[in-house]
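Notes to accompany the following structure.
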Amino acid sequence: MSTERKNFIGHLADWITWPRFIFAATMIFFLTSILFPFYWMVSSSFKTRAEIGGREPVYIPSAIRLDAYDELFNPDNPSYQKFGLNIINTLKVSIPTAIIAVILAIFGSYAIARLRFKGKNALLNGILLVYLFPGVLLIIPLFAMLAQIGDRLGFDVQDNLGVLIFTYLAQTIPVALYMLTNYFRTIPDEIEQAALIDGCSRLGVIWRVTLPLSIPALVSVSIYTFMIAWNEFLYALVFLNDHAMFTMPIKINTIFNDPSPRPHVVMAASTIMTIPIVLLFLALERYLTEGLTAGGVKG
Amino acid sequence: MSLLTKQRWNSSRAREARLAWSLISPTALIVFGLIIFPAIFSIWVSFHDVGLHNLNDVFHAPFVGFENYSKVFNDFAFKFQDVQNWGAAVTSVVYSFASTILTIAVGLIASLLLNRPFRGRGLTRAIFLFPYVAPIVSVAFVWKWILDPRPSGVLNDILMRLGLIDAPQAYLATRGLALALVIFIQAWRYFPFAMLMILARLQAIDNTLYEAAEVDGANTIQKFKHITLAELRYVLGAIFLLRLMWTFNKFDDIYLLTGGGFGTRVLPVLTYQFSFQMFDFGRGAATAMILLMIVAVFMAFYVAIVMKKVEE
């Protein structure tokens, strides 16, 4: 009795068919092209200046070296970048943006989704169209306008994180409104009607019925509005001049354009900025993907 | 107040409308004050001579008619001159159409990959979203670092090892190649958006259509062409218009990758350069208005086709 003993190659040869081969090859191609840049970002951030500036690229760092991070965070480093300050600035802008945008959008979306009033559709379509407006179009008049207002009221337009939050609201509210309106529409009206009959006020209904049912949507809208502010580049570039006020994207741009190139430091800063976002998506993928198709990440 | 108007004022319908407006007014105020008013104001700026010198007194800026527009149209950076120098207008159109088409093609392939069940599909789908959700600054700089002109650049190293090039190349500083690479990076970054939209539609296709086609003896290619593509036609059109508009408006990607040099200067970058490098806000606003007019054509298509269809 002789059973044919197949080795690994033999099994593979049996398993493989043309469709499977094409599937596997395309999948490998996609995964490598997607992941390699991220691997390169993280691995470059752990290299020394000698490794990063050598004749040939170092594909696998010899050890995890924190030279680049030292430059970002250690005050004793000769080219200390005060990156901690930039992280705090970014948080100072993105957290209030997310909170204000979500609160305003809750009321606005509820009105659009539930209440009858004249001009509702025009309003919603108008807000959606506005979302297709070029950012560069608005920055010139906003800059001129806010400079005027600032002059009268006595605040600076430049290097003012409050002003930046204000302009970010214009970019986040339309999308927050759109996503929440869509979600509120999926909540059965009967539940709210029952609460209204029981003598709840409209605001009471929003607080006790609608919001508790919308927690997944609220989480995902908060994350998206947070992300828009976290990533924003153009407005921060125009409105911030003082290094102490820079948000992360502007700081990274500055380090990159430094006369002495230090790619490992740029990559370390980029890694710090990217990791939280990527982790959020890995953890909450199911809740977040829907928001992406609704335009949660503009662009 | 007469009895009739009082009744109307107190009717439940009127109370509902009042509540709606009070709920929505903060949002409406912000949208109006920060988007609609500035957009209209931008038209005004484009007809006036506004620079850094009179920014604090902008409402008294001198009226210059169409001078800003004629300056833009005659600028070497804007108009098409020859095959070597496309100018921002033509570059913008080529760049947006090419990136959009490539993005959709890649997105379609990715969605077909993820549409069939396999182990680890959820994780793979999350990984496929990385390029889209990662901050643009990080993504742009890592690509710049991969395409680094020194011999230590990864692409240079790989291509030299393979013997495809003899000397290191400055990829993003070569006319033509720079634009092609920027388009390629756009597709790399934005395909997940197309992928998700297509995937949602794919999963809604009625399976009996395929079974019926199989009974009729259709092969894989026929099934793809006559069922899959036919069912996707509408969503592909919607993605095309949406991405076209967003790509047309995009500033960060090209600014970070090439700074608008080497034949990659698009209208948003030109707007930025006029406004915040030359501080000629009037000319910048005129460029932005030209940009908006082109986008408005796409918008009209979008409203007429996509939004109307949604309402039905």
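Coordinate-derived values only; no laboratory data. Not measured: the values here are computed from a predicted model. Don't worry about glycine lacking a Cβ; one is built from the backbone with ideal geometry, like all the others, and counts go over all protein chains shown.
Looking only at region B:113-151, which residues have a backbone nitrogen under 11 Å from a spot 7 Å from the Cα of residue B:214 in the C-beta direction?
none
Within 10 Å of each Cβ in B:250-256, how many Cβ atoms from other chains are there, averaged over the peptide?
Details: counts 6, 8, 9, 2, 0, 4, 5.
Partner-chain Cβ atoms within 10 Å, mean over residues of B:250-256: 5.
Scanning chain A for helices, which whole DSSP H stretches are 20 Å or more long along the axis (Cα) and average -0.5 or more by Kyte-Doolittle?
Both cut-offs are met by A:18-45, A:83-114, A:135-153, A:161-186, A:215-231, A:263-293.
Count, for each residue of A:229-237, the Cβ atoms from other chains sitting within 10 Å of its Cβ, then give me the mean as a whole number. Let's see the in-between values first.
Details: counts 0, 1, 8, 4, 9, 7, 0, 0, 5.
Other-chain Cβ atoms within 10 Å of each residue's Cβ, averaged: 4.
Quick check: net charge around residue B:104, other residues with Cβ under 13 Å of its Cβ, Lys/Arg +1 and Asp/Glu -1?
The answer is +3.
Tell me the Kirkwood radius of chain A: reciprocal of the mean inverse pair distance over distinct alpha-carbon atoms, in Å. Write down the numbers at each step before the final one.
Working: mean 1/r = 0.0433 Å⁻¹.
Over chain A, the inverse of the mean reciprocal pair distance is 23.1 Å.
Mind checking the dipole of the protein assembly as shown: about its Cα centre, +1 per Lys or Arg Cβ, -1 per Asp or Glu Cβ, Debye to the nearest 20?
That gives the protein assembly as shown a dipole magnitude of about 1160 debye.
Rounded, prolate or oblate: which fits region A:45-114 when a ≥ b ≥ c are the square roots of the eigenvalues of the alpha-carbon gyration tensor, with rounded for a/c under 1.5 and prolate only if a/b beats b/c?
Cα axes put region A:45-114 in the prolate bin.
To the nearest whole number, what is the average tally of beta carbon atoms from other chains within 10 Å of the beta carbons of peptide A:121-133?
Across the residues of A:121-133, the mean count of other-chain Cβ atoms within 10 Å is 5.
Of B:130, B:158, B:114, which is farthest on the positive side of the dipole of region B:84-185, counting Cα position, with +1 on Lys and Arg Cβ, -1 on Asp and Glu Cβ, and the Cα centre as origin?
The listed residue farthest towards the positive side: B:114.
Return the distance in nm (one decimal) between the two label points of a simple spin-label model at residue B:177 and residue B:221, each offset 7 Å from Cα along Cα→Cβ.
Between residue B:177 and residue B:221, the simple spin-label model gives 3.5 nm.
Please identify every one of the trypsin sites (Lys or Arg not before Pro) in region A:117-212 that sits in a loop by DSSP and has no more than 10 other beta carbons within 10 Å of its own beta carbon. Mind dumping the intermediate values first?
Values: sites: A:118, A:120, A:152, A:185, A:202, A:208; in loops: A:118.
Of the trypsin sites (Lys or Arg not before Pro), the ones in loops of region A:117-212 whose Cβ has at most 10 other Cβ atoms within 10 Å are A:118.
Count charges around residue B:61 for me, please; just the other residues with Cβ under 13 Å from its Cβ, Lys/Arg as +1, Asp/Glu as -1.
-3
Say we join alpha carbon atoms closer than 10 Å with springs in a Gaussian network model of chain A; which of A:217, A:236, A:194 then has the biggest fluctuation?
A:194
Could you check which residue among A:174, A:19, A:37 shows the biggest mean-square fluctuation in a GNM of chain A with a 10 Å Cα cutoff?
Of A:174, A:19, A:37, the most mobile in the Gaussian network model is A:19.
Which one, A:69, B:293, B:268, is farthest towards the positive end of the dipole of the protein assembly as shown when Lys and Arg carry +1 and Asp and Glu -1 on their Cβ?
About the Cα centre, the residue reaching furthest to the positive side is B:293.
Name the residue, out of B:194, B:218, B:180, whose mean-square fluctuation peaks in a Gaussian network model built on chain B with Cα pairs under 10 Å.
In this elastic network of chain B, the residue with the biggest mean-square fluctuation among B:194, B:218, B:180 is B:218.
Would you kindly calculate the translational diffusion coefficient of region B:113-259, applying Stokes-Einstein with the Kirkwood radius from alpha carbon pairs, for 37 °C and a viscosity of 0.692 mPa s, and quote it in µm² s⁻¹ without decimals?
Details: Rh = 18.3 Å.
After rounding, the answer is 179 µm²/s.
Given DSSP loops and a limit of at most 15 other Cβ atoms within 10 Å, what is the longest stretch of chain B that contains no such chymotrypsin sites (Phe, Trp or Tyr not before Pro)?
The segment B:119-278 is the longest one with no such site.
With the Cα gyration tensor of region B:165-226 in hand, give its eigenvalues times 5 under a square root as the equivalent ellipsoid semi-axes, listed largest first in whole angstrom.
42, 16, 7
Run the dipole for region B:120-274 about the Cα centre, Lys and Arg Cβ at +1, Asp and Glu Cβ at -1, nothing else charged, and hand back the magnitude in debye, nearest 20.
340
R0 = 45 Å: FRET efficiency of residue B:54 with residue A:85, Cβ-based, nearest 0.05?
The calculated FRET efficiency here is 0.85.
Could you give the size of the charge dipole of region A:83-293 about its Cα centre, using +1 on the Cβ of each K and R and -1 on the Cβ of each D and E, expressed in debye and rounded to the nearest 20?
For this selection, approximately 380 debye.
For the cross-link pairs B:79/B:144; A:251/B:250; B:225/B:250; A:92/A:251; A:47/A:251; A:47/B:144, which exceed 24 Å when the distance is taken from alpha carbon to alpha carbon?
B:79/B:144; B:225/B:250
If you wrap a convex hull around the C-alpha atoms of chain B and split its volume per residue, what is the figure in Å³?
In chain B, the Cα convex hull volume per residue is 247 Å³.
What percent of all Cα-Cα pairs in region B:41-160 falls into each 5 Å bin, going from 0 up to the bin containing the maximum distance?
Histogramming region B:41-160 at 5 Å steps yields 2, 8, 9, 9, 11, 13, 13, 10, 8, 7, 5, 3, 1, 0 percent.
Mind checking which of A:144, A:170, B:257 is farthest towards the positive end of the protein assembly as shown's charge dipole, using Cβ charges of +1 (Lys, Arg) and -1 (Asp, Glu) about the Cα centre?
It is A:170.
As a test of the definition: which semi-axes, in Å, follow for the protein assembly as shown when you take the square root of five times each eigenvalue of its alpha carbon gyration tensor? Largest first, please. Mind showing how you got there, number by number?
On the way: eigenvalues 327, 251, 130 Å².
They are 40, 35, 26 Å, listed from largest to smallest.
Can you bin region A:1-90 into rounded, prolate or oblate? Criterion: square roots of the alpha carbon gyration tensor eigenvalues sorted a ≥ b ≥ c, rounded for a/c under 1.5, prolate for a/b above b/c, oblate for the rest.
Because a/c hits 1.5 or more and a/b exceeds b/c, region A:1-90 counts as prolate.
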